[in-house]
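The values are calculated or read from the model by the stated rules, or taken from the named source; none is laboratory data. Keep in mind that this is a model prediction, so the values were computed, not measured. Positions of Cβ are backbone-derived with ideal geometry, glycine not excepted, and every protein chain shown enters the neighbour counts. Accessible surface areas use protein heavy atoms only, side chains included; no ligands, DNA or RNA. Shrake-Rupley method; radii C 1.70, N 1.55, O 1.52, S 1.80 Å.
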Amino acid sequence: MIHPHYCSNQNMHSLDSSLCPMTFATLVSFFLTLSHSLTLQSDIEALQALKLSVDPNMIPPSSYLTTWDFSIDPCDNIGPKFLGILCSSPSNNSKSRITTLELDGAGYDGFLPPRIGTLTELTSLDLSRNRFRGPLPDALKNLNKLTRLSLSGNFFTGGIWTWIYRLKKVERIDLSENCLSGRIPARISKLRRLTQLSLSKNEFSERIPNIYALQKLQILDLDSNMLIGSLPKLPPRLRTLRLSHNKLTGHITSLVNLDHLISVDVSDNWFTGPINRGVLALPRLSHLNVSFNQFTKMEVNNYFGSGSRLRTLDAQRNHLLGHLPVKLVNFERLEVINLAHNQFTGQIPMAYGQRLGRPWRTLFLDYNFLSGRIPPEFGPVAVRIRGSLANNCLSCPLRIPLCRGQQRHASACHGVTDG
């Protein structure tokens, strides 16, 4: 399986400290202690360590890090200094603390120093869209006031199991598009405030742990990893589920209990069995992608569909058998249908013609074994429809746009009936 991220390039800009000697001014600012500073000294030192961990040649002139001037107190300036930093307001004689550290995506190339763990009042840490690399330090476990952690779009490596479960107040975690590996720890279920978990485009392996206890979780994005096994029992309030490009197996029947689901993408796995009627009937479901699996049947009940919110159904490249499901026409908001590259037989239901353009705007039925004549509506309205009927056993005039592309050779259609 080929993933769209870029872990193989993680060392293309190696940071060699011997090539970056400190200037006298840098040494002075690094050891500067402000006797009347507002900011806690350990917080200042953590910011200094972070800036020193970045290759100075990879700090653009207009970036946030160029504004970090340590001759000035980070929390005692009102000008354009220390961009990306927010501080708490001190009370009595206490020191200000750094509460937000959100860098711009300027392509900083460096490491995340362990001293980051001394910023114990941080509620938001965002280093996304840069070139940070190396392992994530265990010291992150000390940031137990974090509500938001975003490190996406970097080159971080190693595992997350030694520290992530300690972030008990975290609500959103985005570690996507890195080179992280190992298992997703079962103790992640201790993060009871979590509403979003994005670990996509990494190299996580093994099974998805039991995360049913994450009762507030609404977004789960684990796509483009190397996860195996069947679906665990998932949290009941999920709205978005992305599990595409893994090696997951078994059935998806358990999704029928997730009434809050709006978008589901389980494409490019090894799921089998039916595309369950209860999944298609989920009351809030708008987008369903089950393509590139091994499903053999699509179940559509007679009475489901009316009032459904389903707009997109992508079930291409499975092993779906039998006739095309007529009752798809009852899904009043359905606009995009892709049932290509399956093993459907029989005629195209006449009712499909009545739905073209009303509201169906995309219909791919190519590479099946459909036979007979096409519904008459496919001619005049098909100009406005994106799709294909090619590589079937149809009587399909080439003057009709949907019919462009050859049909199967007669030998491949032997025994196929219009039934």
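Structure notes:
- Alpha carbon centroid spacing (whole Å) that separates the stretch 153-224 from the stretch 340-419: 43
- Within the stretch 111-147, backbone nitrogen closer than 20 Å to the virtual label 7 Å beyond the Cα of SER94 toward Cβ: 117-125, 142-147
- ³J(HN,Hα) computed for each position of the stretch 359-367 - Karplus, 6.51 cos²θ - 1.76 cosθ + 1.60, integer Hz, glycine/proline x: x, 4, 10, 9, 9, 10, 10, 6, 6
- For the chain, lysine pairs with C-alpha atoms less than 12 angstrom apart, excluding pairs fewer than eight positions apart on the same chain, total 7.
- Put simply, the amide H of HIS323, placed in the peptide plane, has neighbours under 5 Å in THR345, leaving out anything fewer than 5 places away on its chain.
- Under the simplified labelling scheme, the MET350-LYS233 pair shows an inter-label distance of 4.9 nm, with each label point 7 Å from Cα along Cα→Cβ.
- Accessible area per residue, Å², the chain with all protein chains present, probe 1.4 Å: 45
- Taking amide H positions as modeled 1.01 Å from N, with prolines and chain starts lacking one, the residues under 5 Å from LYS201 and 5 or more places away or on another chain are GLU177, ASP223, SER224, ASN225.
- Note, ³J(HN,Hα) from phi for the stretch 206-222, Karplus 6.51, -1.76, 1.60, rounded to Hz, x at Gly and Pro: 6, 8, 6, x, 6, 10, 4, 5, 7, 5, 9, 5, 10, 10, 10, 10, 10
- Residues LYS168 and ARG399, FRET efficiency given R0 of 60 Å [Cβ-Cβ distance, rounded to 0.05]: 0.35
- What a 1.4 Å probe finds exposed on the chain is 50% carbon and sulfur by accessible area, rounded to a whole percent.
- Rounded to 10°, Cα long-axis angle of helix 41-52 versus longest principal axis of the chain: 60
- Percent of Cα-Cα distances greater than 43 Å, calculated over the chain: 31
- Charged neighbours of SER200, selected by a Cβ distance under 12 Å, balance to -4 (K, R count +1; D, E count -1).
- Here r is the Cβ-Cβ distance between ARG386 and GLU203 and R0 is 56 Å; the resulting FRET efficiency, rounded to 0.05, is 0.95.
- Backbone N atoms of the stretch 335-377 closer than 15 Å to the 7 Å Cα→Cβ label point of LEU321 belong to residues 342-346, 369.
- Remark: the stretch 255-374 projects, on average over all directions, an area of 6.5 nm² (convex hull of Cα atoms).
- 5 angstrom amide H check on GLU332, placed H, neighbours 5+ away: GLY307, SER308
- Residue-wise HN-Hα coupling along the stretch 56-69, computed from phi with Karplus coefficients 6.51, -1.76, 1.60 (Hz; x: Gly, Pro): x, 6, 10, 10, x, x, 9, 8, 4, 5, 5, 8, 7, 10
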